[in-house]
Structure formats: structure tokens, C-alpha cells
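Input: a single structure, listed below in C-alpha cells.
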Amino acid sequence: MKRTAAIMVMLAAGLTVAQAQGQGGRGEEEQSAQCENREAPSALQDDKGIAPAVQHKYAVTALSVNYLREAPDFTAELGNQALMGTPVEILEKEGYWRKVRTPDPYTAWCVDLGLVEMTEEEMKEYLDAEKVICTADYSIVTEKPGKAEYADDTGGRHDKNINRHNGKQNTDGRARAGNPKICDIVVGDILRDGGKSIRGYRKVILPSGETGYVRKKDLEQFGKWKAECDPAPDNIIRTAMRFLGVPYFWGGTSIKGVDCSGLTKMVWYLNGVDLPRNASQQAKAGTPVNMTSDFWKFSDMGNQMNGGQDMETAESFRQEMLRRTENLKKGDLIFFGMPASDGQCGQIGRCQPDRPEKEKITHVGIYIGEGRFIHASKYVRINSLIPGEKDFYENSAKLIKARRIAEKY
């Protein structure tokens, strides 16, 4: 049986894959109504079970962040993002749209200009090539070593990061002098190594085969980077802090914008571990952390914290949250939502006793210690799970479980 691109990239990257069973929604509390189960089709079949006739079965993403949509339309929901250098399988074509399957695995649509399509042999050559990874939050690729520059119509030179097309050509099509920007890159992007450094800039080869230069300090040799990756709790938290202030973006998995599970996925990816894409999948990765919870008694308390409840009730809720967090360690993934009810719904009447609900995951964050966690909710921020703290998270009462991804810690 031929290996799919998804499997090949994992073998080539040498990343640790955090296994989880099944598929599930991204699970953001802001858009939980949009969550749905998404079953990825088999490697070379579309979602009707029909093998599509495509000339190139594989491709590599060619943009710093490639936007993957749920349908072949720019107005369709953003389902996921793929960083530059990600190998994908092409499952179907519709006009200039390509239905692709990423290593997550995630199946969605992107435009053809965001991909470099390859045969299986070309894909193997790409995977075998020496690579570098962008470790700076943001950087750029220029045509020559040095800062991006362009010359205006009067011959003056400007030190600006500009669009490559506008930077290279006048309206009459004549080449413009300077050092035009080719494209941007972001943390996690992967390029082929060009094999030489000049004046602090490293030569790189884009997925298209075009060459350019990136500041050497913004890159690491991929093999060295992956060998030194260590998902220790302090490293996980340090990486997560790099995303503070990044806006919440449904479907986002990059420094340009993240949803809640996109944040956790990126943080672990940058520490050498490949988590599943969605929160409900991540809730099955790693090992469970014991959590004592009286969920149904306190499930609405977060919404009532500003409602002037009596001191006894407030203290009971505080003690409840202290119990839920007592076994947590730094770096644990913590999940919010609603547990399987087992017919015990208390007084809130959210389920029928004879029809137990399944567990529902609506949000995920990273525990950083002392009752606090970092997560993407409106933007990437830090909140406390403990009532009475000034940065108390209003949905803390929905905390239902935790998973420890790195066993040795």
C-alpha cells in the first residue's frame, strides 16, 4: 500500500504524534453552535467514496499561511490553516479550487495558487531535501541578501517591505532596482535550505523552487530544531506566551490568528508534538488527569458571579474550583464543556434522565499553574479558574477534564 502524504510528512518531520480517536469540532465556546463531527475521507477518495481523477495527487502549501475553507468559495467558513511547506494530498478539483487533506488530518478547500502541485516522485524528493524552519514570529524572504528595498519612479530608494509585484515592476513592465520582498513567512513555516549564508542571510528555496534570502537568525536547521524540541511544561508555557494578544480567529492555527484548539496545536507543534486539530480530538490525546467535580451543582455559577449570590454559595464554588484544579500540573491541557450526564442532571434540567447526553467539549486551554491558564477567547489571554481572582474566567464552571500530553513530566 502506498503511503499518503500525511504519513510521509510525519515520518520526514520526525514529530511526535499525539494520538486521538475519532473526529470532532474545534470546540470554541464563542462558536460552539458551529461545532460538528467531520470524518476525513480515505486517502485517495472523496467524501462520496469515489476516487477523483487528478493529475497530481500531492502538493506543498506555498503561502506563509494557507486558508482552508469548508467549501470551494471565498465566502465559505474557514476550517483550518496550513503553514508554508506542509505536504497535502489533493482529493478533488473544482475550477481553481483544490480539495486537500492535511496531515492533521483535515479535509478542506484552498485555491490552486496557494499550492505547488507535485507527483508522488516530486513529493518524495521534496521530503528528502534539507530544510529550515522559521523560528521568528514574522520574517520575510527577499530576492537578495539584505533588507527589502525598492526604487521609486524617480530613482530614489526606499527601505520598505512591499508587495513583490509592485516592488519589481513599473506600470510599463520595466524591472525596478532594489531588493524586492518575495513573500512573508511566519513561525513554523518550513522551506528548503539553499546551502549558503551571505552577510547574515540564509539562502532558501520556496516550495515553488524560487530562491530567496531570509535573516539567518530567523531560521533554524530543521533537523537540529526537531532534535532539540522538548515539550517540557516550562517550554510549553514559554511558547504559549508568545501568542499573548494574538486575536481569536475561527479556524486559525498560526501567529496571525488562532482559535482555542489552534493555539494549543501550534504551541505543541513548536515543541515537536503534533496534536489533533480540534478540541474534542485533543481531549482524547495523552493521558487523563484525575479531576474531582460536582459539575451539575455548579454548572451555572460562572454566569452568576456578578449576581450578588450569598457568601456561603460563593465560598462553596471557590472550594469546588480548588478541588477541580488540585491535580493539575503546568502544561496540562484543560477542557471546558459539558460532561456525559449519565441521567444525573441535577436541578438545571438540561437533559432527560432517560436519555444521557454525550460529553461535549466547547473550549480548551493550557494550565500554567496557581489556578491560571492561557487560552484563545476573543484574543489570547491569561485567566484564573478560581472565583474571587481579578482575572477570573466567567466560564470556569464549565471545566470538566484535563489531559497530560508529555508523560515523563
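Ordering 203-212, 178-187, 81-90 by mean Cβ neighbour count within 10 Å, with the highest value first, yields 81-90, 178-187, 203-212.
Among 289-295, 136-142, 188-194, how do they line up by average Cβ neighbours within 10 Å per residue, starting with the highest? Working shown, then result.
Numbers: 289-295: 14.7, 136-142: 18.6, 188-194: 21.6.
Top to bottom by mean Cβ count within 10 Å: 188-194, 136-142, 289-295.
The accessible-area ordering, largest first, of the residues S261, S316 stands as S316, S261, per a 1.4 angstrom probe.
Taking a 27 Å limit on the Cα-Cα distance, which of the listed pairs K181/K216; K358/K390; K99/K265 fall beyond it?
Numbers: K181/K216 16 Å; K358/K390 33 Å; K99/K265 22 Å.
Too far apart for the 27 Å limit: K358/K390.
For the peptides 359-365, 94-100, residues were scored by their other Cβ atoms within 10 Å and the scores averaged per peptide; the highest-first order is 359-365, 94-100. Residue pairs exceeding 21 angstrom between C-alpha atoms, taken from K93/K256; K196/K256; K57/K93; K226/K329; K297/K398; K297/K401: K93/K256; K196/K256; K226/K329. Computed from the C-beta positions of T287 and K378, the FRET efficiency with R₀ = 41 Å rounds to 0.85.
If you stretched the chain out fully between T135 and A232, how much longer would it get, using 0.36 nm times the residue separation minus the C-alpha to C-alpha distance? Don't jump to the answer; show the numbers that get you there.
On the way: separation 97, 0.36 × 97 = 34.92 nm, distance 1.80 nm.
Length gained, T135 through A232: 33.1 nm.
Projected label points at E394 and D112, each 7 Å from Cα along the beta carbon direction, are separated by 4.7 nanometres.
The Cα center of region 71-108 and the Cα center of region 239-287 differ in position by 18 Å.
The values are calculated or read from the model by the stated rules, or taken from the named source; none is laboratory data. All values reported here derive from a predicted model rather than from experimental measurement. Cβ atoms come from the backbone with ideal geometry, glycine included; neighbour counts cover every protein chain shown. These area figures cover heavy atoms from the full protein model, side chains too; ligands, DNA and RNA do not enter into them. Shrake-Rupley method; radii C 1.70, N 1.55, O 1.52, S 1.80 Å.
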